[in-house]
Amino acid sequence: MSTGPAPRPAARSRPKGWAIAAATTAGAVLALQAWVNGRLGEAVHDPVAAAAVSDGVSFAVLALLCPFLPGFRRGTARLAHRPGHGPGRPGAPVLRPWHFLGGIVGGVVVLSQATSSAALGTALYTIALVAGQSLSGLWVDHHGVGPGPATRADARRLAGAALALAAVTVPLLGSLSAPTVWLALLPFTAGIGLSWQMAVNGRLDAVAGTPYPSVALNFLLGVLVVAAALVVDLAVSGAPAHWPRDALLYSGGLLGVAFVLASVVLVRHTGVLVMGLAMTGGQTLGSLAVDLAADGGGRTGTTTLLSSAAILLAAALAARPPAVRQDEPQPTLPERQLT
């Protein structure tokens with residue numbers, strides 16, 4: 001007796017407009033955080049101390065809020081019993097110990113903001129960040145690291161990744177100064193980790209049933225990374241002698257909480273691909289707006305504008321899923337790719 005073809009997994013529903021708009025806004029928030037942390041690092045002449053303040057504020061806010069967050073304890077208990085095991089309920093992804101390490105990237109991002117954002121300008125910093133993010137997103141989606149199914153790297157996606165790399169290279173070739181190139185490598189490296197961080201956070205969220213445990217874990221690990229850098233910094237340079245009075249310069253931690261919370265909540269509604277595209281657009285446009293408002297666009301030349309447009313196009317190419325034939329079997333999340 002014929003059993004017929006195997007049933008296909010349910011396709012992901014189309015991303016909702018409100019979720020895409022929220023992800024775009026979250027990208028703009030990240031660009032503003034880069035400007036705030038960069039200016040604080042410049043004001044105290046110590047970017048590591050500035051990063052420590054930003055992450056310290058974030059962690060303090062979350063420590064106060066965690067007892068009141070809905071489902072926080074229940075979600076934390078679910079995560080505590082899942083490492084190295086299968087999903088706790090039907091449809092939940094498998095977790096491995098390394099899925100819990102996304103917060104390390106958060107500490108690296110904050111350090112890169114405080115170290116290089118002021119020197120590069122928010123727009124160029126963001127170009128380098130999202131170029132790394134686009135390249136990493138290609139790998140993350142191809143291997144199904146996030147909570148959704150794997151999406152193969154086709155010619156369109158590879159072209160988008162190549163365009164993203166070219167977009168960050170062109171502005172750097174215009175300056176060709178060694179400090180600029182090395183500074184741009186910091187956000188580029190942080191961007192490579194950012195797509196991976198969003199993917200593993202989405203996986204934790206799917207298992208916990210609530211985003212708050214992964215948000216708290218992210219900032220705990222981020223604080224540990226920045227604290228380790230601060231210990232070395234204090235031993236070498238000592239503590240900053242002067243701190244500015246402008247309260248805005250200390251808001252980077254709050255902006256970071258908003259960004260990470262949004263990224264964890266929205267990934268289940270949009271998927272890693274669409275969220276990355278929306279956040280890239282928000283980051284790019286937000287960084288141009290921040291530079292324009294802060295210094296009248298003095299650092300936003302024609303090359304930067306063209307590179308920003310190229311980044312948006314690269315993200316659109318890389319984020320569009322490949323066409324799937326009706327007779328082609330739908331891929332599921334392979335266990336072997338996660339070990």
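Since every read-out is calculated from the coordinates, none of them should be taken as a lab result. None of these values were measured; they are calculated from a predicted model. Cβ: placed from backbone, ideal geometry, glycine included. Neighbour counts: every protein chain shown.
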Between ARG156 and ARG245, with labels modelled 7 Å along Cα→Cβ, what's the label distance in nm to one decimal, could you check? 5.6
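Take each of the peptides 33-44, 283-294, average the number of other beta-carbon atoms within 10 Å over its residues, and list them starting from the highest.
Highest to lowest by the protection proxy: 33-44, 283-294.
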Where in the range 181-215 does the amide nitrogen come within less than 18 Å of the point 7 Å from the Cα of ALA80, taken along Cα to Cβ? 204-205, 207-215
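Between ALA228 and LEU254, 0.36 nm times their residue separation minus their Cα-Cα distance comes to what?
On the way: separation 26, 0.36 × 26 = 9.36 nm, distance 2.13 nm.
The span from ALA228 to LEU254 would gain 7.2 nm if fully extended.
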Footprinting proxy, TYR212, TYR250, TYR125: sorted fewest to most Cβ within 10 Å, the residues are TYR250, TYR212, TYR125
